[in-house]
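Student: Structure incoming, see below.
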Amino acid sequence: METADFMPGEADIAAIKSNLDAYEAERASAYRQVRWRVPLFVGLVLVFVALVAWLFNKIADPNEQWFSTPHVFLYVAGFIAAIVLYFQAIKPASRLQQSFRDRLLPIIFGFIAEMRYQHGVTPNSFDRLPRGVVGSFNRQAFDDIVSGRYEEFPFELYEAELREGTGKGSSTAFKGVIVAFETIAPFPGILVATRRADVVVGFFRGMFASKMEELSSGVPELDAAYEFRTDNAQAAQPLVSGRLAQALKWLGETWPDEPARVALNGSDGFLLLPQPKNFFELPDISVPLDYQTHVAPMISDIGAMLATAALVRKIGARDEAG
């Protein structure tokens, strides 16, 4: 399987570029407005404060020129007014930025059928994610959520940050992208492949130790990087030694950062890709949007995710020859 199989064709790319050009014209217009509005709005406040402060000097004690009590109150009021007017000045940009992802992501991923974009809500599939693949957490936050269908392949892809604890003592159980999908063949139970780390290991040895059995893939490099655990060892072992191992090896070459995690829960499959930065991050409104620099890498990464998810979907399926 190649990532290119999941990339948009030339016609789709041309349509994406056309839409981005239209947005770029609006972005440039908004940015031009901000460039003159900010110095004008804030400058008027500074001139007003300077003029009133000069007038205060006429009645202030000679030893308190520019620093009398009225002066201090004036400076504080002027500072607050400058902040308020600054945000008023950048409204053309802030309004555009507020809809930045709402508008651009459907354009960028226009090649995805039934494309739907949401932000900051709990994804539909999250409640079905086996907790063993992320460890213990008591706080969850979601950013961008993209769902749709690509060549009859339905999926839900979202950014998630799961944390355990509160304040400075909290720890990250998972931060990155989760791809949820329906498997071709349901797995009779739960099967997770997760990185070997203190948080996850401690979690398994505690709550899940009595329920989940550890398996070996027989591939030394995979067994060194992953823990494979399941509540149905008989059904899981052929998968762990076969297609799941192949999928993880392929993923290690395609997505070579921190090891990905995989979970099967009945007919639900999950691919978890640790990612420290905002995956859907786009440049500031002051930066011209460039397809090759800002968009193509994002589409390439989406292609890699979908290609891997499609491979994981086949883990429990019968061979075509069968």
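Student: Please work out if LEU282 is within 15 Å of the chain's Cα centre (by Cα) and farther than 20 Å from GLY110 by Cβ.
Tutor: So LEU282 does not fit the description; no.
Student: Can I ask one more? So which residues in region 58-96 are assigned to a loop (DSSP other than H, G, I, E, B) and either among the small types (Gly, Ala, Ser) or not assigned by the TED database to the domain that holds GLY43 (or both)?
Tutor: ALA60, SER68
Student: Sort through THR254, THR293, THR230 and tell me the only one that's surrounded by 14 or more Cβ atoms within 10 Å (Cβ to Cβ), out of contact with any strand residue (DSSP E or B) (no Cβ under 9 Å at 6 or more places or on another chain) and polar (S, T, N, Q).
Tutor: Testing whether each residue is surrounded by 14 or more Cβ atoms within 10 Å (Cβ to Cβ), out of contact with any strand residue (DSSP E or B) (no Cβ under 9 Å at 6 or more places or on another chain) and polar (S, T, N, Q) leaves just THR254.
The values are calculated or read from the model by the stated rules, or taken from the named source; none is laboratory data. Fair warning: this is a prediction, and the values are worked out from it, not measured in the lab. All Cβ positions, even for glycine, are placed from backbone atoms using ideal geometry, and neighbour counts span all protein chains on display.
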